Amino acid sequence: MSDNHNQLQVHTPVGEVEHTHVLSEHIGALFLNDEYSDVTFLVEDKKFPAHRIILAARCEYFRALLFGGMRESKPGTGEIPLPETSAIAFQALLRYIYTGKINLADLKEENILDVLGLAHKYGFLELEASISDYLRAILNIRNVCMVYDVATLYSLLSLCHTCCEFMDKNALEVLNSDGFLTLSHDALKEIISRDSFCAPEKDIFAATLRWSEEEPNKNEDVRQIVKSIRLPLMSLAELLNVVRPTNLVEPDNILDAIKTRSESRDMDLNYRGFLTPEENIATLRHGASVIKGEMKAALLDGDCTNYDLDRGFTRHPIEENNGGVVVKLGQPSIINTIRLLLWDRDTRSYSYYLEVSMDEKDWLRVVDHSRYLCRSWQTLHFPTRVIKYVRIVGVHNTVNKVFHLVSFECLYTNKPFQLEKGLLVPSENVATTQHSASVIEGVSRSRNALLNGDTKNYDWDSGYTCHQLGSGAIVVQLAQPFIVGSMRLLLWDCDDRSYSYYIEVSTDQQHWELVCDKTREACRSWQTIFFEKRPVTFIRIVGTHNTANEVFHCVHFECPANPNSPAPSDDGSSDSSSVQGAMGGPPPALDGSFHAQYNI
């Protein structure tokens, strides 16, 4: 007796009794037990005794069936037939109902899919999710089509997505598998319609033809599916010798494909490509290479820190018809984002454009920064395209006649972005050092104090950028042109002084546009400015008045204005929580021209 008592002991807080494992064992012992059974299910001529109250407690479907006034809930109903149900799958589900356990590894794949169907039918969402996780783990060429068909039938979107990704990466093997021939009409059409299902079009057509031959009544279905095959991607010989004899494609459609192929530019064809989201594929590991440009080895080595005047970059001379720097990807790929690191060990800027191609003959310009001054890291988005080659052509360098490129990345991102006139409309502040913005004019103890995001730690002596009234300005350069329509700045506010100022913007430092005129207003603390959206690379802030002295002081700048930041009060001043500078007495005497000329 005492031995049994010790076996039952579970470490729980004093005063609490927790014997759920015993309860689970006792209820599990009723599985397929005739004792106290009050209902029997008939599945494939096999009888499964069960207990109404347990089924109803575990499942709303059985609660409605057995206690909801249906025919099966009436007294005297001994056996309930379950047609079109697998006995093996139902027994596994019944075990799960009583014990909360199923060993999926002990079941064949077709039985697992049957259990998944029952879990979906009876509303066992946790079981459905667990089976989906297991199927993801065991996906292979042989079973992926079967799993995808079932996932589509039950609208299991996450499992569908995993299957599609697997098939995209193994398209040719999937086309040649027996499982491909068992796909439903809708599943097959969905698969071959994907841009990322990348295989030769003739192989997709041949596999679809084999699919139709499995059952003669699929003839009408296959005519609809063939419409998803991209005939213009097939050669003339393939269209005439492979497609035409099958009579699955109307002669006019074949002629249209030939016409499209011959008259359209290559980059307008609806190519298929490999998709690897959020991963840089311009690497040696992915088979990428630099095929044009000087000092080719440096560009794709992944080193973004060790470069100077003599090494660590790829270059080309800036001259007519040079050809630029050309990167060849390992395979045709679906791309919407490219990142470049322009050489930035000094304050120089570059202008350039970027083109993409599939055949290295027809080039499509997707980014044109030839009229803008750019520096350091460039994040370039464009409408999604399938590409094999990328050409970067420098057209201007503010220091010499050479274009220097330190790093190149190429990827597809799922993150949303907005473009206007080919330029990025940022959704966050890009006037930060993390986004490669810099202060190119203005005086501060720390060069980029204006852009470091610190709006708390400033006082009489530090934490601000300034310029002498009537001389110079504070100028910020963004890394690349952006479409913006707002800005936000924090004027130094450790006492009750006020400032007047105006702001201009430019894309080339030659032509400036006025976007804010506060020269006749007394302004202090936080300032939020809105104006008509336009391309912006340079921002010039010019102070015109300070009620305390002859210096204009700015603590923080952001562009565009952070929509989550607190709005300033109507009088232009911040509330008490926004006054972050520490009030204090006169600053101590310091040596150096900064304090002598630009003190508060």
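Here, each number is a calculation from the coordinates, and none is a lab measurement. All values reported here derive from a predicted model rather than from experimental measurement. FYI the Cβ positions are ideal-geometry reconstructions off the backbone, even for glycines, and counts take in every protein chain you see.
What is the range 39-264 by shape, rounded, prolate or oblate, if you read a ≥ b ≥ c off the alpha carbon gyration tensor as root eigenvalues and call it rounded for a/c under 1.5, prolate for a/b larger than b/c, and oblate otherwise? Verdict is prolate for the range 39-264. For the pair ASP203 and ALA57, a Förster radius of 51 Å applied to the C-beta separation gives a FRET efficiency near 0.45, rounded to the nearest 0.05. Between SER155 and THR455, what is the FRET efficiency for a Förster distance of 45 Å, r being their Cβ-Cβ separation, to the nearest 0.05? That pair, SER155 with THR455, gives E of 0.40. In this rough spin-label picture, where each label sits 7 Å from Cα along the Cβ direction, the LYS47-ASP359 distance is 7.4 nm. A simple spin-label model places pseudo-atoms 7 Å from Cα toward Cβ; at HIS19 and ASP346 they are separated by 8.5 nm. Ordering TYR352, ASN448, ALA437 by Cα displacement along the dipole of the chain toward the positive end leaves TYR352 in first place; charges were set at the Cβ atoms of Lys, Arg (+1) and Asp, Glu (-1).
Residue-wise HN-Hα couplings along the range 372-379, as the Karplus relation 6.51 cos²θ - 1.76 cosθ + 1.60 with θ = phi - 60° gives them from phi, are 10, 9, 10, 8, 6, 6, 10, 10 Hz; Gly and Pro carry x. Residues in the range 38-44 carry Karplus couplings, in order, of 10, 7, 10, 9, 9, 10, 6 Hz; the curve used is 6.51 cos²θ - 1.76 cosθ + 1.60 with θ = phi - 60°, and Gly or Pro positions show x.
Among the listed pairs LYS47/LYS121; LYS101/LYS121; LYS227/LYS415; LYS46/LYS108; LYS202/LYS227, those with a Cα-Cα distance over 24 Å are LYS227/LYS415. Counted residue by residue at 0.36 nm each, then reduced by the alpha carbon distance between them, the extension gain from ASN270 to LEU255 reaches 3.7 nm. Annotation for SER446 and THR544: the two label points, set 7 Å from Cα along the Cα-Cβ direction, are 3.2 nm apart.
Under 20 Å of direct C-alpha separation, and excluding same-chain neighbours fewer than eight residues apart, LYS401 reaches these aspartates and glutamates: GLU294, ASP308, ASP310, GLU319, GLU320, ASP344, ASP346, ASP368, ASP508. Computed extension gain for ASN170 through ALA522, at 0.36 nm per residue and net of the alpha carbon distance, reaches 120.1 nm. Measuring between their Cα centroids, the range 332-407 and the range 471-545 lie 29 Å from each other. At an R0 of 25 angstrom, the distance between the Cβ atoms of GLU279 and LYS533 translates into a FRET efficiency of 0.20. The mean sequence separation of alpha-carbon pairs under 8 Å and at least six residues apart, normalised by the residue count of the chain, gives a relative contact order of 8 percent. With an 8 Å cut-off on Cα pairs and a minimum separation of 6 or more residues, tell me the relative contact order of the range 39-264 in percent. Relative contact order for the range 39-264 comes out at 11 percent.
Which shape class, rounded, prolate or oblate, goes with the range 284-417 when its Cα gyration tensor gives a ≥ b ≥ c as root eigenvalues, a/c under 1.5 marks rounded, and past that a/b bigger than b/c marks prolate? Rounded shape, in that the Cα axes give a/c under 1.5. Once backbone amide H atoms are built at 1.01 Å from N, HIS404 has TRP343 as its partners under 5 Å, excluding neighbours fewer than 5 places away on the same chain. Is the C-alpha gyration tensor of the chain telling us rounded, prolate or oblate? Criteria: a/c under 1.5 is rounded; beyond that, a/b larger than b/c is prolate, otherwise oblate. Judged from the Cα gyration tensor, the chain comes out oblate (a/c at least 1.5, b/c at or above a/b).
With 0.36 nm allotted per residue and the present C-alpha distance subtracted, the HIS511-ASP496 stretch has 1.9 nm of extension available.
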